[in-house]
1. Which pairs turn up if I take residues in the range 95-109 that are of a type in the set (S, T, N, Q) and at pLDDT 95 or above and look for partners that are part of a loop (DSSP other than H, G, I, E, B) and open to solvent by 10 Å² or more (accessible area, probe 1.4 Å) with beta carbon separation below 6 Å, at least 6 apart in sequence or on another chain?
2. Can you name every residue in the range 230-272 that is outside any helix (DSSP H, G or I), open to solvent by less than 20 Å² (accessible area, probe 1.4 Å) and of a type in the set (A, V, I, L, M)?
3. Filter the range 273-311 for residues that are part of a loop (DSSP other than H, G, I, E, B), open to solvent by 40 Å² or more (accessible area, probe 1.4 Å) and touching a residue at least 40 places away in the same chain (Cβ under 8 Å) and give the result.
4. Give me the residue from the range 57-83 that is under 20 Å from residue 262 (Cβ atoms) and open to solvent by 20 Å² or more (accessible area, probe 1.4 Å) and, out of that set, modelled with the highest pLDDT.
5. Of everything in the range 84-94, what is in contact (Cβ under 8 Å) with a residue 12 or more places away in the chain and either part of a loop (DSSP other than H, G, I, E, B) or open to solvent by 50 Å² or more (accessible area, probe 1.4 Å) (or both)? Give them in sequence order.
6. Six or more apart or on different chains, Cβ under 6 Å: which pairs go from a residue in the range 254-265 that's over 16 Å from residue 142 (Cβ atoms) to one that's open to solvent by 40 Å² or more (accessible area, probe 1.4 Å) and of a type outside the set (Gly, Ala, Ser)? Could you list them?
7. Inspect all residues belonging to the range 258-267 and state whether any of them is within 24 Å of residue 100 (Cα to Cα), over 22 Å from the mean Cα position of the chain (by Cα) and among the polar types (S, T, N, Q).
8. Closer than 24 Å to residue 249 by Cα and touching a residue at least 40 places away in the same chain (Cβ under 8 Å): is that true of residue 179 in this structure?
Amino acid sequence: MWYKISSDINAPGFLNRFKDESVSVPENESTNSELMTPETTLPVQPQQQQNNPVFTIRNLNTSFGENPILDNVNLEIPERTITAIMGPSGCGKSTLLKTLNAFNEIHGNYKVHPESQVLFGQTNVYDPQTNIQKLRNEMGYVAQAPTFNESNSIFDTIAMPLKLKGINDFNVIQNRVHEALKQAGLWEEVQDRLANRVSTLSGGQKQRLSIARTLALKPKVILMDEPTSALNPKAAKEVEKTIKQLSKNYTIIIVTHNKDQAARLTGAIPDEENPVSEGKVVIMYNGKIEEELPGSKFYEPQTNVGKEYVSGEIS
């Protein structure tokens, strides 16, 4: 049986009420028939050759109106690793993150200059021929503060985007919900209360629920914009543990103000309990990338800005 809102999910106007930038719903997308069988299992994200660039950014220049934001950004994002984007407030970190999936386009005055290239695999995100809605479905997005209808059930919060995507078989949906909760490290805590309201969860649990909702849609990449900034240290540690586990099978790009968090997630600080492959650190300042470092060199920046930022002289 559906939990709480299933009878409402086909109600007139439902699609208009469901608005969440972390979920992209393609128009007229046909449902894969393989998804519609009760026997469907949920395989782990396929293992791919590491360190191929998932994103290749070349000569990226952007502006809001007449105000320049990103200045000649060139960057490659390797697959199945964690890339941490850092820098002081206002340096363009979140703008860069949202440029990857064209979320900034909701602001009518945001402009990506014509010489810019943002390649997702071999697809230019800003080519006029690109189906951006379809592309966004391959990129999960986890915001600083998750947006939920707190009166909805835990189960339906994850199930709704699947239903909206055209998946109607309950067995398939149930499998996806359960698998996503396990991947997000939340299953053990909520498996006996999936019908409970989201409002019964703690802040850290809600953020992992947001991650689970993203995972259920099977993205190739997960974009995270300061996902632990509003959490207490214990809850943040649980989310970090989830991120490390996911990095074995997903490409993760995270914006963070927390230097220690960036060091932990990119392998600069060893963690025997939850080891992570070496990631990448990107330090931004005034809309530019000042330095790129492998995680192992986190505490050895070479540029003046990098040294001042890591040491705390600028923040």
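1. Matching pairs, first to second residue: 95/69.
2. Going through the range 230-272, the residues outside any helix (DSSP H, G or I) turn out to be 230-232, 247-258, 266-272.
Adding the requirement that they be open to solvent by less than 20 Å² (accessible area, probe 1.4 Å) leaves 247, 250-256, 266.
Those that are outside any helix (DSSP H, G or I), open to solvent by less than 20 Å² (accessible area, probe 1.4 Å) and of a type in the set (A, V, I, L, M): 252, 253, 254, 255.
3. Hits for the range 273-311 are 277, 278, 286.
4. Here the residue is 76.
5. Within the range 84-94, 87, 88, 89, 91, 92 meet the criteria.
6. As it stands, the answer is 263/269, since those pairs meet every condition given.
7. Checking the range 258-267: not a single residue is within 24 Å of residue 100 (Cα to Cα), over 22 Å from the mean Cα position of the chain (by Cα) and among the polar types (S, T, N, Q).
8. On the way: closer than 24 Å to residue 249 by Cα: yes; touching a residue at least 40 places away in the same chain (Cβ under 8 Å): yes.
For residue 179, the condition - closer than 24 Å to residue 249 by Cα and touching a residue at least 40 places away in the same chain (Cβ under 8 Å) - is met.
The values are calculated or read from the model by the stated rules, or taken from the named source; none is laboratory data. The shown structure was predicted, so the numbers you read here are calculated from the model rather than taken from an experiment. Glycine also receives a Cβ, built like all others from the backbone with ideal geometry; neighbour counts cover every protein chain displayed. Quick note on the areas: whole protein, heavy atoms, side chains included, nothing else; ligands and nucleic acids left out. Shrake-Rupley method; radii C 1.70, N 1.55, O 1.52, S 1.80 Å.
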